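Asks: Submitted below is the structure of interest, expressed as structure tokens.
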Amino acid sequence: MRLVDPTDFQILKTLSDGRRDTAANLAVIIDKDRNYLNTRLPVLADEELIERVGPAESSGLYQITPRGVAAAQNQSLYATDRDQFETTIDEQEPLITITDPTVHQASVDHTDSRLLSFSRR
């Protein structure tokens, strides 16, 4: 596996929260040229570190994979021992689960009349 350090790791770390993002947004976040990112994202997808997600095939949305999370967590190992890096991410990948971000909403006390009463004149 050949990664561009630090750019590929910046992409992976930005996506490490599990949220989906586009090349345009990633370019702004990591301060890189969008066209350059458009060349790196398919490489990361080929390495199964990120995946293009839909619902439309051409949506341009990418999301990190468990393998990508493991790679992001082991950037320093990539710089020193690439064989061990690959072994480590192979071992860690099955231990990582990514779930879509969840929206949490506090419950509303329906007995509070101030929340329920409004009038129209």
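The values are calculated or read from the model by the stated rules, or taken from the named source; none is laboratory data. What you see is a predicted model, and the numbers here were worked out from it, not measured in a lab. We place every Cβ from the backbone using ideal geometry, glycine too, and count neighbours over all the protein chains shown. We work out accessible area using only protein heavy atoms, side chains counted, and drop any ligands, DNA or RNA first. Shrake-Rupley method; radii C 1.70, N 1.55, O 1.52, S 1.80 Å.
Asks: Whenever you get a sec, line up Lys32, Lys13 from highest to lowest accessible area (probe 1.4 Å, protein heavy atoms).
Replies: Lys13, Lys32
Asks: What figure, in Å² to the nearest 10, do you get for the accessible area of Arg82 with a 1.4 Å probe and non-protein molecules left out?
Replies: About 100 Å², rounded to the nearest 10.
Asks: Tell me, what is the 1.4 Å probe accessible area of Leu3, in Å² to the nearest 10?
Replies: So the heavy atoms of Leu3 present about 20 Å² to solvent.
Asks: So if we plug the beta-carbon distance of Gln73 and Ile29 into 1/(1 + (r/R0)^6) with R0 = 30 Å, what FRET efficiency do we get, rounded to 0.05?
Replies: The value I calculate is 0.95.
Asks: Which value, in Å², gives the accessible area per residue of region 10-94 when a 1.4 Å probe is used on the protein heavy atoms?
Replies: 55
Asks: Now a separate question. Scan region 8-80 for GluC sites (Glu not before Pro) in coil per DSSP, keeping those whose Cβ has at most 15 other Cβ atoms within 10 Å, and list them by number.
Replies: In loop regions of region 8-80 (DSSP not H, G, I, E or B), the sparsely surrounded GluC sites (Glu not before Pro) are Glu48, Glu57.
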